[in-house]
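The values are calculated or read from the model by the stated rules, or taken from the named source; none is laboratory data. Fair warning: this is a prediction, and the values are worked out from it, not measured in the lab. Heads up, the Cβs are rebuilt from the backbone with ideal geometry, glycines too, and the neighbour counts pull from every protein chain shown. These accessible areas exclude ligands, DNA and RNA; they are computed on the full protein's heavy atoms, side chains included. Shrake-Rupley method; radii C 1.70, N 1.55, O 1.52, S 1.80 Å.
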Amino acid sequence: MLAWFKQRLRALMFLTVFIGGLSYGSYTAALHPNLTTWEREGLLIRNVPVEEKVVALTFDDGPDPVSTPVLLEILGKHQAQATFFVLGERAQKYPQIILQMTSSGHEVANHSYTHSDFNKLNKEQIREEIRQTNRIIAQLSGQTPVLFRPPGGFLSCEMVDLVAGEGMLVAYWTWQQDSKDWRRGKPATAIASHIVANIQPGQIIIMHDAGENGLQTAKAVDILLSQLQQDGYRFVTMGELIRLGGSH
Ligand SMILES: [Zn+2]
């Protein structure tokens, strides 16, 4: 999986950096200096080069006993697939929600065990956060995740190497698709319009199904799916998006 991705990214690298650099100068200033190298080497992913109108919705920090079931119902209503970056300790607490995700065709991925500040953890502790969560998800779903999204978007050379050593990919997101949906009081309409206004094929859209604004996020998904499906967009898991990118 990584080899083709490496090739694809190498080919599109210049264009992405050039256009991205011009349009999103304010974002690129905050990036880790190695980010584009990791992308080129197939260690980290932020979007996928596809020609069709297909994107991946991703939800972090769950499962949440209130908002995640609401979100799953909305996704089901629109027949859209998504990827859930769950916390190991929450997956343990709410195993039925994990089963509901996998039986509905969604992808369950790894967002660490406790959502600790990785700046304060050593290499062994970070490895254990990842492994423990993979074990829990594998026990519940029968599938070991290949995607890891570090809590708070933490990045370091050591962590990226470690994730690769676990046979996993650092699953980042498309910068222009961070609607900050988790912010208190952010209404569903504002979250949805941010995503609709910035939509492009191949994007990895970050949202949060847990936290105090989780129900607004779920409502936003209802709005944006109605609008974007009408515009011809399909919503697939990150794994499927990566496969589609590799088939060109
Ligand atoms: Zn998170």
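At-a-glance table
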read-out	value
Of the criteria (1) more than 16 Å from the chain's Cα centre (by Cα); (2) in contact (Cβ under 8 Å) with a residue 40 or more places away in the chain, which one ASP117 fails	(2)
Test set (1) within 16 Å of ASP61 (Cα to Cα); (2) in contact with a Gly (Cβ under 8 Å, 6 or more places away or on another chain); (3) not basic (Lys, Arg) - LEU169 fails condition number	(1)
Any hit, the stretch 125-137, residues being within 16 Å of the ligand (Cβ to nearest atom), part of a loop (DSSP other than H, G, I, E, B), crowded, with 17+ Cβ neighbours inside 10 Å and hydroxyl-bearing (Ser, Thr, Tyr)	no
Complete set of residues in the stretch 214-231 that are among the acidic types (Asp, Glu) and open to solvent by less than 60 Å² (accessible area, probe 1.4 Å)	ASP222
Test: residue in the stretch 198-213 that is touching a residue at least 12 places away in the same chain (Cβ under 8 Å), more than 16 Å from the ligand (Cβ to nearest atom) and assigned to a helix (DSSP H, G or I)	no
Qualifying residue in the stretch 217-231 (condition: of a type outside the set (A, V, I, L, M, F, W, C) and part of a loop (DSSP other than H, G, I, E, B))	yes
Test result for ARG135, more than 26 Å from THR36 (Cα to Cα) and modelled with pLDDT of 95 or more	yes
Flag for ILE97 being more than 23 Å from GLN200 (Cα to Cα) and either in contact (Cβ under 8 Å) with a residue 60 or more places away in the chain or open to solvent by less than 40 Å² (accessible area, probe 1.4 Å) (or both)	yes
